[in-house]
Amino acid sequence: MTLTFELDPALSPALRDGITALWADVSNAGGAVGFVPPVTAEEIRPELLNHLVAIEVGRTRLLVGRDEDGAVAATAFLTLNTHRLMKHWLWLYTVMVHPRHQGKGYGRDLMAAAAGAARSIEGIEAIRLTCRGGTGADRFYAACGYKEVGRVPGAIRVAPGDDRDDIVMLLPLGPAV
């Protein structure tokens, strides 16, 4: 079985609830997506709202992966640059695959779908993302073709005395068609 990906789906209440639940489940399973467990859906909703506002004003695109039951199983947010000198690349944020689907290759599928979505956007030549050091995410992204291009030591404070590097990674796409 595989996931079915959709770029820019209609933002229904069911989709918003599905993303919120996914984000909480990924966070509570130890995923490095902006929160530290335990976290509740109520704590996640304001951050999701920030992403949804960016979608509404055209700064962000949403990629959703659904499982065979139609449930939200993966997401990635593609955020366009507004700076006139950096419009040729975009940021990839909040990359998530539900814990029950991990180990099935869906993360690689999500990353390939995100690259395809980025290539479909006129003028986009690269994707940048950041990840939390000490999680292995940098190795995963490297296996998907990303290269580490920067690191800020101790920039992420997970807990008192537990600071992690903020790792910047880049995937060149070549000129968009």
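Just a yes or no: is a residue in region 113-123 in a strand (DSSP E or B) and open to solvent by 30 Å² or more (accessible area, probe 1.4 Å)? No: region 113-123 contains no residue that is in a strand (DSSP E or B) and open to solvent by 30 Å² or more (accessible area, probe 1.4 Å). Among the conditions (1) of a type outside the set (S, T, N, Q); (2) open to solvent by 10 Å² or more (accessible area, probe 1.4 Å); (3) in contact (Cβ under 8 Å) with a residue 12 or more places away in the chain; (4) farther than 28 Å from GLY133 by Cβ, LEU15 misses just one, which is (2). Could you please find all residues in region 124-177 being surrounded by 11 or more Cβ atoms within 10 Å (Cβ to Cβ), free of Cβ contacts under 8 Å to residues at least 40 places away in the same chain and assigned to a loop (DSSP other than H, G, I, E, B)? Once the filter is applied, which keeps residues that are surrounded by 11 or more Cβ atoms within 10 Å (Cβ to Cβ), free of Cβ contacts under 8 Å to residues at least 40 places away in the same chain and assigned to a loop (DSSP other than H, G, I, E, B), region 124-177 yields GLY133, GLY134, GLY136, CYS144, GLY145, TYR146.
When LEU110, LEU49 are screened for being among the aliphatic types (A, V, I, L, M), open to solvent by 70 Å² or more (accessible area, probe 1.4 Å) and either closer than 22 Å to ARG157 by Cα or under 17 Å from the mean Cα position of the chain (by Cα) (or both), only LEU49 passes. Listed by first and then second residue, the pairs linking a residue in region 56-75 that is in contact (Cβ under 8 Å) with a residue 12 or more places away in the chain and buried (at least 22 other Cβ atoms within 10 Å of the Cβ) to a residue that is assigned to a loop (DSSP other than H, G, I, E, B) and acidic (Asp, Glu), with Cβ atoms under 7 Å apart and 6 or more places separating them unless they lie on different chains, are ALA73/ASP67. Outside any helix (DSSP H, G or I) and farther than 23 Å from GLY30 by Cβ - does that describe any residue in region 99-106? The answer is no, given that none of the residues of region 99-106 is outside any helix (DSSP H, G or I) and farther than 23 Å from GLY30 by Cβ.
Of the residues ALA32, ALA10, which is modelled with pLDDT of 95 or more, assigned to a loop (DSSP other than H, G, I, E, B), in contact with a Lys or Arg (Cβ under 7 Å, 6 or more places away or on another chain) and open to solvent by 40 Å² or more (accessible area, probe 1.4 Å)? Before the answer, list the steps.
Values: ALA10 fails: in contact with a Lys or Arg (Cβ under 7 Å, 6 or more places away or on another chain).
Exactly one of ALA32, ALA10 is modelled with pLDDT of 95 or more, assigned to a loop (DSSP other than H, G, I, E, B), in contact with a Lys or Arg (Cβ under 7 Å, 6 or more places away or on another chain) and open to solvent by 40 Å² or more (accessible area, probe 1.4 Å), namely ALA32.
Only residues that are open to solvent by 10 Å² or more (accessible area, probe 1.4 Å), in contact with a Leu (Cβ under 8 Å, 6 or more places away or on another chain) and farther than 16 Å from TYR146 by Cα: list them for region 83-100, please. Of everything in region 83-100, those that are open to solvent by 10 Å² or more (accessible area, probe 1.4 Å), in contact with a Leu (Cβ under 8 Å, 6 or more places away or on another chain) and farther than 16 Å from TYR146 by Cα turn out to be LYS87, VAL97, HIS98. When the criteria are applied in full, THR94 meets the requirement of being part of a strand (DSSP E or B) and β-branched (Val, Ile, Thr).
The values are calculated or read from the model by the stated rules, or taken from the named source; none is laboratory data. All of these numbers come straight from a predicted model, not from anything done at the bench. Note: ideal-geometry Cβ built from the backbone for every residue, glycine included; neighbour counts use all protein chains shown. To get the accessible areas, we keep the full protein, side chains included, count just its heavy atoms, and leave off ligands, DNA and RNA. Shrake-Rupley method; radii C 1.70, N 1.55, O 1.52, S 1.80 Å.
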